[in-house]
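Everything on this sheet refers to the single structure shown next.
Laboratory data are not the source of any read-out in this text; all were calculated from the coordinates shown. These numbers come from a predicted model, not from an experiment. Please note: Cβ atoms are built from the backbone with ideal geometry, for glycine as well, and neighbour counts cover all protein chains shown.
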Amino acid sequence: MQAPTHILTGILLLVIFQAIFPTAQLWLQVVVVLPLCFASHFIIDASAIITFHPPKAEWKDWFWVTYHLLIYIGSVVILVFFLVDYWWVIIVANLPDIVDWIILRAIFKKEPVLHKGADKLRNFLFRRTPNWNHKRWTVIIEFAIIGVLLLSVLLLINFT
Ligand SMILES: [Zn+2]
């Protein structure tokens, strides 16, 4: 799925932990929440089969470009609000993308490594799920997920 989904999932995992264990020290938060954030990336990417996700960038398709522009702007806005307080969960929740798409593919021109795990998990968990990666309307699903995550994060931050 898209960066805002990963970012907000990482933040949500931390704020849920903080809501349940308000007196937990930082080291305990890191030990428990960090692996969850890392694992969340694979589960979310595996379930991305039900959202708009063409395997290759389609720069000539206005819909693809507009959608990704919105996603990037949304990511920046979310980072502006949350990066200072939640930087480590944000980094870890996005680490597989940072490693595979930025370090390996963009810088070293190599094949992704970690996303092979996400692909295997997808084949295992969602074998019978229809592949909607090319269906444009499924951006609604991604926006709905982002909306629910954002609302949950804001509610937990403000009422705990
Ligand atoms: Zn990913």
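Brief remarks follow.
- Phi-derived couplings, Karplus 6.51 cos²θ - 1.76 cosθ + 1.60 at θ = phi - 60°, listed residue by residue for region 139-150: 4, 4, 4, 5, 4, 5, 4, 4, x, 5, 4, 4 Hz, with x used for Gly and Pro.
- Angle in degrees between helix 26-47 and the longest Cα principal axis of the chain, rounded to the nearest 10: 20
- Here Ala57 and Trp88 are evaluated by their C-beta separation; at R0 = 30 Å the FRET efficiency comes out at 0.55.
- Fewest-first ordering of Thr5, Thr23, Thr66 by other beta carbons within 10 Å of each residue's beta carbon gives Thr23, Thr66, Thr5.
- Look at Phe52, Phe82, Phe126 and count the other Cβ atoms within 10 Å of each Cβ; fewest to most, that gives Phe126, Phe82, Phe52.
- For the chain, a Gaussian network of Cα nodes joined below 10 Å ranks Ile146, Ile102, Ile50 by mean-square fluctuation, and the top entry is Ile102.
- Assigned charges on the beta-carbon of Lys, Arg, Asp, Glu; the chain dipole about Cα centre (debye): 520
- Of the residues Ile107, Cys37, Val15, the one whose Cα sits farthest towards the positive end of the charge dipole of the chain is Ile107 (charges of +1 on Lys and Arg Cβ, -1 on Asp and Glu Cβ, taken about the Cα centre).
- A simple spin-label model places the labels of Ala106 and Leu125 2.6 nm from each other, with each point 7 Å out along Cα-to-Cβ.
- Neighbour-count ranking [beta-carbon atoms within 10 angstrom, fewest first] of Tyr86, Tyr67, Tyr72: Tyr72, Tyr67, Tyr86
- Crossing angle, helix 114-125 versus the chain [Cα axis fit, 0-90 degrees, rounded to tens]: 90
- Angle between the chain longest axis and helix 3-20 axis [Cα atoms, degrees, rounded to 10]: 20
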